[in-house]
Structure formats: structure tokens, C-alpha cells
Amino acid sequence: MALPAENSVASGEEALSLKVTEIFYSLQGESTLTGLPTVFIRLTGCPLRCQYCDTEYAFHGGKNMTLKEIQQATAAYSCNHVLVTGGEPLAQKNCLPLLQQLCNQGYQVALETSGARPIEEVDPRVTCIMDIKTPGSGESDKNRYENIEHLKRQDQIKFVICHRKDYEWSLDLIHQWQLANRCELLFSPSKDQLNPVKLAEWILEDHAPVRMQIQLHKLLWGDTPGK
């Protein structure tokens with residue numbers, strides 16, 4: 001179990017701060033971690049504007065919190081799984097020391113990132129859940145393909161599929177980069193744009209080397225923020 005936050009913050013790092021939209025406790029809704037009780041640390045700000053984004057409320061505002069304050073808020077939930085998300089967490093430089101400190105405390109830490117920021121300096125103990133933006137997102141030109149070389153076996157790549165062209169584009173990319181040999185691959189239907197049944201049929205027809213996922217939190221709580 002995680003150590004008390006006040007005992008694990010390295011000297012000189014207590015004053016580092018991040019802009020935080022929310023910290024809450026819920027079930028993990030996506031990835032291979034789906035269903036796990038998790039503390040979510042949602043950082044503020046994102047340089048991308050994907051047309052299907054469901055966390056636009058995290059683009060602006062937020063509250064400045066020191067690493068120590070974030071760690072204390074996290075520890076209050078007595079949960080060993082932590083997800084740092086956004087927005088785009090890596091858009092804030094102090095996200096890296098936050099991830100490191102959470103790992104040092106003994107948490108199982110995951111990071112959700114858009115794939116548009118470098119990941120090579122992310123603590124290797126962190127599970128990276130990295131998007132590759134499909135053309136349907138409107139932001140595929142922001143993909144930082146150099147990140148693929150820094151993915152670990154424990155990491156995951158997520159594709160949000162908006163239509164058949166996105167699906168075919170994603171399979172071509174998987175083949176081109178031999179992604180199935182690198183880490184877990186996740187296909188998600190874009191909500192209200194692609195029928196999940198249709199995506200499931202395509203995956204089965206093509207024996208695609210991917211895991212299909214549907215957002216559990218939306219099935220349970222709809223679009224309510226903070227769940």
C-alpha cells in the first residue's frame with residue numbers, strides 16, 4: 001500500500017505545483033485496467049482539440065496545487081491505483097516529478113496521454129496509455145510517432161475510431177509500425193459517431209490484433225464529469 005505522502009516527497013520538490021481540474025475516486029473506465037477502483041488526477045490544459053473530446057471542461061481553469069497537496073489528496077482515498085489524466089498531463093512540465101513521486105510512494109500509476117508530447121522521460125514504472133489520433137479526430141497531424149520507440153510492453157496504444165476510414169487507417173498503421181508486437185492495442189468507438197456493434201463486427205471479420213473497449217464509466221454514469 002502507498003506510503004504516507006508527507007514521508008515521500010523529496011526535499012526541494014514540495015513547492016512544485018501543477019494546475020489541477022479535479023481529483024476524484026471512481027472505477028477505471030478504459031484500457032486493460034477497466035473496472036479497477038482508481039484515484040483520478042485530472043490536470044488542466046490541452047494543446048489539442050479533438051472533435052470528440054469529452055473533457056473540454058479541463059481545457060481551462062483549474063486550481064494550483066503543490067505536489068505535496070496532490071499527494072495528500074490522493075492518499076485520502078486509500079486506493080493503490082492512480083491515473084494521471086487531462087487534458088494533456090504532459091503539457092505541464094511538473095507532471096514528470098508528480099509521476100515519479102507517486103511511483104516512489106508505492107502506487108500503481110498509469111498515465112493517459114494524447115501522444116502529442118514526448119514520453120521518453122516518463123518514469124519507466126508508469127503504465128502509459130497513449131493515443132494515436134485517427135484522421136476522424138481532426139488532430140492526426142499532431143501524432144508524435146517517435147514516441148512509439150519509447151513504449152514498453154506494459155504500455156497501451158488507444159485508437160478512437162470514428163468511421164470505417166479511421167478503422168482501415170488504424171490497421172494500416174498497426175501493420176506499418178508492427179505495433180501488435182510492441183504493446184496492447186485498444187480500439188474505441190467514438191460515442192454517437194460509430195455503432196459499437198459495427199466496430200466489433202469489423203474486428204472479428206479481420207481478426208484484428210486489438211482489444212475493443214467501450215467506456216465503462218459512460219455506461220454507468222453517462223457524461224457526468226468526475227465519474
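We did not get these values from a lab; they are worked out from the coordinates using the rules stated. Note that the structure is a prediction, hence the values are computed from the model and not measured. Don't worry about glycine lacking a Cβ; one is built from the backbone with ideal geometry, like all the others, and counts go over all protein chains shown.
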Study note, to complete from the structure: Going from the fewest other Cβ atoms within 10 Å to the most, one would list 114, 188 as 188, 114
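Using a Förster radius of 35 Å, what is the FRET efficiency between residue 200 and residue 76 based on their Cβ-Cβ separation? Nearest 0.05, please. Walk me through the intermediate numbers first.
Details: r = 39 Å, r/R0 = 1.12.
Using R0 = 35 Å, I get an efficiency of 0.35.
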Exercise for review: For region 154-160, take each phi angle, set θ = phi - 60°, evaluate the Karplus expression 6.51 cos²θ - 1.76 cosθ + 1.60, and give the result in whole Hz per residue in order, putting x for glycine and proline.
Suggested key: 6, 7, 9, 10, 10, 10, 8
Study note, to complete from the structure: Placing each pseudo-label 7 Å from Cα in the direction of the beta carbon, residue 219 and residue 52 end up separated by a distance in nanometres of 1.7 nm
Exercise for review: Could you work out how far helix 196-206 tilts from the main Cα principal axis of the chain, as a 0 to 90 degree angle to the nearest 10?
Suggested key: 60 degrees
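If I stretch the segment between residue 193 and residue 121 completely, what's the gain in nm (0.36 nm per residue apart, minus their alpha carbon distance), one decimal? Could you put the intermediate results ahead of the total?
Values: separation 72, 0.36 × 72 = 25.92 nm, distance 3.49 nm.
Between residue 193 and residue 121, full extension yields 22.4 nm more.
Once every DSSP H run of n ≥ 4 in the chain is given -39500 (n - 2.57) and the sum is divided by its residues, what mean residue ellipticity at 222 nm do you get, rounded to the nearest 500 deg cm²/dmol? Let's see the in-between values first.
Working: 5 runs with 50 residues, N = 227.
Mean residue ellipticity at 222 nm (helix-derived): -6500 deg cm²/dmol.
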Exercise for review: Mind telling me which of 122, 210, 197 comes out most flexible in a GNM of the chain, alpha-carbon contacts under 10 Å?
Suggested key: 197
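Considering only the other residues whose Cβ falls under 13 Å of the Cβ of residue 175, what net charge follows from Lys and Arg at +1 and Asp and Glu at -1? If you can, show how the numbers build up before the last one.
Numbers: positive: 182; negative: 168, 172, 206.
Result for the neighbourhood of residue 175: -2.
Please report the antiparallel percentage of the DSSP beta bridges confined to the chain, to the nearest 5. Write out the running numbers ahead of the final one.
Values: 11 of 34 bridges.
About 30 percent, rounded to the nearest 5.
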Review point. So, in nm, how far is label residue 165 from label residue 66 when the simple model puts each one 7 Å beyond its Cα toward the Cβ?
Key: 5.1 nm
Review point. Under a plain spin-label model, where a point goes 7 Å from the Cα along Cα-to-Cβ, how far apart in nm are residue 153 and residue 25?
Key: 3.4 nm
Review point. Using a Gaussian network for the chain with springs between C-alpha atoms less than 10 Å apart, which of these wobbles most: 133, 68, 198?
Key: 198
